[in-house]
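Asker: Below are the structure tokens for one structure; questions will follow.
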Amino acid sequence: MNITPLPQGGVEVTERADFPVNRGALCGKGRTAAEVLSPAVRLTTPLVREGGRLVPADWPEALDRIAGRLAATRERYGPDALGVFGGGGLTNEKAYALGKFARVVLGTSQIDYNGRFCMSSAAAAGTKAFGLDRGLPFPLEDIPRTGCVILVGSNLAETMPPSLRFFTELRENGGTLIVVDPRRTRTADQADLHLAPRPGTDLALALGLLHLVVAEGRTDEEYIRERTTGWEEARAAAMAHWPEYVERITGVPVPRLREAVRMFCEPEAAMVLTARGPEQQSKGTDTVGAWINLCLATGRAGRPLSGYGCLTGQGNGQGGREHGQKADQLPGYRKLDDPAARRHVAGVWGVDPDSLPGPGRSAYELLDALGTDVRTLLLMGSNPVVSAPRAAHVEKRLRSLDFLAVADVVLSETAELADVVLPVTQWAEETGTTTSLEGRVLLRRRAVAPPAGVRSDLYVLHELAGRLGVEKGFSTDPEEVFAELRRASAGGPADYSGITYRRLAEENGVFWPCPEEPAGTPGADGGDAPRVPPSEGRAHAGAADASDTSDPVRHPGTPRLFLDRFATPDGRARFVAVAHRATAEEPDAEYPLLLTTGRVVSQYQSGAQTRRVAELNAAAPGPFVELHPRLAARLGAADGDPLAVVSRRGRAVAPARITDTIRPDTVFMPFHWPGEGRANTLTNPALDPTSRMPEFKSCAVRVERVEVVPRS
Ligand SMILES: Nc1nc2c(c(=O)[nH]1)N[C@H]1C(S)=C(S)[C@@H](COP(=O)(O)OP(=O)(O)OC[C@H]3O[C@@H](n4cnc5c(=O)[nH]c(N)nc54)[C@H](O)[C@@H]3O)O[C@H]1N2
Ligand SMILES: Nc1nc2c(c(=O)[nH]1)N[C@H]1C(S)=C(S)[C@@H](COP(=O)(O)OP(=O)(O)OC[C@H]3O[C@@H](n4cnc5c(=O)[nH]c(N)nc54)[C@H](O)[C@@H]3O)O[C@H]1N2
Ligand SMILES: [Mo]
């Protein structure tokens, strides 16, 4: 997009037709994003708590308070009493600086971020299978040219509207689209085949499809032999999932399963893309693993126009997960418990590797520990009062902290609980890089000056570090931070060392891994990768043609991964042997229905930003409970009637929205609102054992009519 300052102040956001990620298209949130830049809706001065109320303060005072409390807490309880919580909306530079700040300045292991709630299950499964996690191992522009896409639990018509055109083109080119969603969404409306499983049963569904692939002799034996390991065990596990058994678990009829297998297997190339539907489950990692198995058994990964991908969500959902704000991670997607990684990163940071703490708790576990052994929290880029599972409990834990500091653009529901609130800049007001779901690093330049009184997150970290005795290593200049990030990431899985601001300004983004090449080795990327345009890309290449640039030693970046080998030690992809299991909370007599949650097109996440935009509020004014007419009839509810949804965690009230696009055994609520209609009051924090992802996508509930007392 283009961001243009307006003469009367503020900015205008317009489309950029040549931009490859969205080909210029913007959704409603993008178009209206400028409204959240307006001083009328945002924070413009630091706030500190005095006598129970938040009152304006100047920057030195606010920063002194934070530094003083963090130092005192560390003195009394040790460094692990200091918690840090980040966000996938932060730029790469900020995410990197926040992770470094936690480990180097505070010395705490207690840092995690909201991406844990987002794509962590897909990341865990991708790493297991391929040895590397990058949302898509190919550019979005490959989608229209494949033969079939299975889209599992993504409502991209509402959540990534600009990307819908890739799927429309796919169908125009003769390809087919299968959508797996318990609701017939706007996305499912575009599909050639819609499978509507019961929430939380995608694992059985994927295994059932694999069973049929084997039974119908549709496996690619040569591919399995040459490019994978673990097939025997995975095959045996899948064969235990008979189609009729799978129909019973999922509610998807056997003929539909057969049709899906035929559509997926007949074309030469095909893809499986997952989003939050199958991932936000207490078995999300195994579920994604089962979908990857389906790709591997049919030879549909690491080949042109074929593969598995995860549709990442937030503004910097990909880059935000690579550079160290995650509990177990160092920059460059390195592991915090890997001695070589610790040595390398400690070297760049100029500290002793032994001084770096070990892995900490995952996001929900960290929030759950607040006020117990974690006494203070510094929060940047998330609003957990609305977005965390079991939110009433999380809110209580936040209130029980000795000290909470929040840096935000607006006074979010979480910032309202803070002891100090810092007003920070946002996207158009600062320079920084983000990384798209395709692994494409992009540079966004500052377009407008922030309102007076607002500072950047990098400034906040710089000032706090200084006050806590670390004078160097926390630059406020994004380009300097990026230069350090490049060095810290060098040699890691997400290697950015060959990417510079200069290159990003000249190219339409650069795909990682992009190692820095020693001078005089043009094009070397560990061997003989040919320089070919992306459309014909093979191997580690799929490499963009670098010959048109002035710098001959540029590594071309890696638009397409795995074409020659996977990133595992033996170069082969790994099957996982998984079996179906129930959700953590199955319906029973007391809570007979399933609740699933998600999004609507006109609100974003916790709504902290979008609920301040009139146009978006007009389109999506508040929460609702989507339910099937048969269920509504049983409850005696009419459209718009207030309904109470009750789970073991609490009770939420919102108007009924009756529609036959949802399964009769399931109700759906969007999670964008606080207060009475907060969906996360109900959700279950049962965690996936590997990714520690909470089960946002299913819990047991009952639904009751709320008697409206007539006014006398
Ligand atoms: N308008 C808007 N756009 C957004 C966002 C937003 O808040 N608002 N958030 C951004 C972010 S951070 C993210 S992560 C993405 C999320 O993008 P999506 O993953 O597309 O969003 P969701 O609505 O959470 O979930 C997608 C679908 O999963 C379905 N689903 C529910 N339970 C199940 C299940 O058990 N199995 C399957 N297969 N499907 C299920 C829901 O019915 C829903 O239609 O969107 C991004 N874009
Ligand atoms: N029930 C249910 N709950 C869910 C989900 C679901 O599907 N169902 N989805 C989950 C997912 S996928 C996600 S990603 C989370 C998202 O939920 P949150 O983590 O709450 O994300 P946001 O609402 O985007 O909150 C970001 C906050 O940071 C502020 N902010 C924006 N930019 C910046 C910046 O540059 N610096 C600073 N310091 N602050 C900034 C915003 O104003 C806002 O207050 O919700 C999760 N919760
Ligand atoms: Mo997300």
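Read the figures in this text as sums done on the coordinates, not as results from a lab. These figures come from a predicted structure and were not determined experimentally. Counting neighbours? That spans all protein chains shown, and the Cβs are built from the backbone with ideal geometry, glycine included.
Asker: What FRET efficiency do you get for Glu266 and Glu506 if R0 is 41 Å and r is their Cβ-Cβ distance, rounded to the nearest 0.05?
Answerer: Calculated transfer efficiency: 0.45.
Asker: Looking at the range 120-310, what % of its DSSP beta bridges pair antiparallel, to the nearest 5?
Answerer: Close to 5 percent.
Asker: Report, in debye and to the nearest 20, how large the dipole of the chain comes out about its Cα centre when Lys and Arg carry +1 and Asp and Glu carry -1 on their Cβ.
Answerer: I would put it at about 1080 debye.
Asker: Could I ask something else about it? Viscosity 1.002 mPa s, temperature 20 °C: what is the translational diffusion coefficient of the range 557-705 from Stokes-Einstein with a Kirkwood Rh over Cα pairs, rounded to a whole number of µm²/s?
Answerer: Estimated via Stokes-Einstein, D reaches 122 µm²/s.
Asker: How far, in nm, would the chain grow between Glu244 and Val708 when pulled straight, counting 0.36 nm per residue and subtracting the alpha carbon separation?
Answerer: Extra length available between Glu244 and Val708 comes to 162.5 nm.
Asker: Right, here's the next one. Relative contact order of the chain, please, whole-number percent, based on alpha carbon pairs below 8 angstrom and at least 6 residues apart.
Answerer: Relative contact order of the chain: 18 percent.
Asker: Continuing with the same structure: Find the Rg to Rh ratio for the chain, where Rh is the Kirkwood radius over alpha-carbon pairs and Rg uses the same atoms.
Answerer: With Rh from the inverse mean 1/r over Cα pairs, Rg/Rh is 0.95.
Asker: Please give the FRET efficiency for Glu226 paired with Asp189, using the beta carbon to beta carbon distance and R0 = 45 Å, rounded to the nearest 0.05.
Answerer: After rounding, the FRET efficiency stands at 0.70.
Asker: Tell me what the chain gives for mean residue ellipticity at 222 nm when only DSSP H runs of n ≥ 4 count, each as -39,500 (n - 2.57), the sum divided by the residue total, rounded to 500 deg cm²/dmol.
Answerer: Here the helix-only value at 222 nm equals -8000 deg cm²/dmol.
Asker: Let me understand the range 231-300 better: what is its radius of gyration from the alpha carbons, and its Dmax, in angstrom?
Answerer: According to the Cα coordinates of the range 231-300, Rg and Dmax are 12.7, 34 Å.
Asker: Please work out whether the range 253-393 counts as rounded, prolate or oblate from its C-alpha gyration tensor, where a ≥ b ≥ c are the square roots of the eigenvalues and a/c under 1.5 means rounded, while otherwise a/b larger than b/c means prolate and anything else oblate?
Answerer: oblate
Asker: When the Karplus curve 6.51 cos²θ - 1.76 cosθ + 1.60 is applied with θ = phi - 60°, which whole-Hz ³J(HN,Hα) does each residue of the range 134-142 get, with x for Gly and Pro?
Answerer: Whole-Hz 3J(HN,Hα) from phi for the range 134-142: 9, x, 10, x, 8, x, 3, 5, 6.
Asker: Give the long-range amide H neighbours of Ala656: residues separated by 5 or more places, or on another chain, with amide H under 5 Å away, using H modelled in the peptide plane at 1.01 Å from N.
Answerer: Close amide H contacts, sequence-distant or interchain: Val625, Gly640, Asp641, Leu643.
Asker: I'd like the antiparallel share, as a percent to the nearest 5, of DSSP beta bridges with both residues in the chain.
Answerer: Here the antiparallel bridges make up roughly 45 percent for the chain.
Asker: Under 20 Å from a label point 7 Å along Cα→Cβ of Asp641: give me every residue in the range 679-708 with its amide N that close.
Answerer: Residues 701-708 fall inside that zone.
Asker: For Lys128, which aspartates and glutamates qualify as cross-link partners when the Cα separation must be under 14 Å and same-chain residues fewer than eight apart are set aside?
Answerer: Result set, ordered by chain and number: Asp286, Asp570.
Asker: What percent do you get for the relative contact order of the range 110-245 when only Cα pairs under 8 Å and 6+ apart count?
Answerer: Once normalised by length, the contact order is 16 percent.
Asker: Could you give P(r) for the range 652-706, binned at 10 Å from zero, as whole percent values over all Cα-Cα pairs?
Answerer: 19, 50, 26, 5
Asker: Charges on Cβ only, +1 for Lys and Arg, -1 for Asp and Glu, centred on the Cα centroid of the range 379-464; of Gly432, Val420, Leu443, which one is farthest towards the dipole's positive end?
Answerer: The listed residue farthest towards the positive side: Leu443.
Asker: Once you wrap a convex hull around the alpha carbon atoms of the range 366-489, what is its projected area averaged over all directions, in nm²?
Answerer: With every direction weighted equally, the projected area is 9.4 nm².
Asker: Taking only C-alpha pairs under 8 Å that are 6+ residues apart, what is the relative contact order of the range 593-705 in percent?
Answerer: 37 percent
Asker: How charged is the neighbourhood of Val104? Take every other residue with its Cβ under 11 Å from the Cβ of Val104, and add Lys/Arg as +1 and Asp/Glu as -1.
Answerer: Its environment carries a net charge of +2.
Asker: Moving on to the next point. What does DSSP give for the range 593-705 in terms of the percent of beta bridges that are antiparallel, rounded to the nearest 5?
Answerer: The answer is about 65 percent antiparallel.
Asker: Name the lysines eligible as straight-distance cross-link partners of Lys326: C-alpha to C-alpha under 17 Å, and not fewer than 8 places from it in the same chain.
Answerer: Partners within reach: Lys94, Lys100, Lys335.
Asker: Across every pair of different alpha-carbon atoms, what Kirkwood hydrodynamic radius in Å does the range 114-238 reach?
Answerer: Hydrodynamic radius (Kirkwood, Cα only) of the range 114-238 equals 16.4 Å.
Asker: Run the simple label-point estimate for Ala582 and Ala618 please: 7 Å along Cα→C-beta, distance reported in nm.
Answerer: 4.9 nm
Asker: Any chance you could run the full-extension gain for Ala340 through Ala633? It's 0.36 nm times the residue separation minus the Cα-Cα distance, nm to one decimal.
Answerer: The Ala340-Ala633 span can extend by a further 99.3 nm.
Asker: Between Glu471 and Glu216, with labels modelled 7 Å along Cα→Cβ, what's the label distance in nm to one decimal, could you check?
Answerer: Rounded to a tenth, the inter-label distance reads 7.0 nm.
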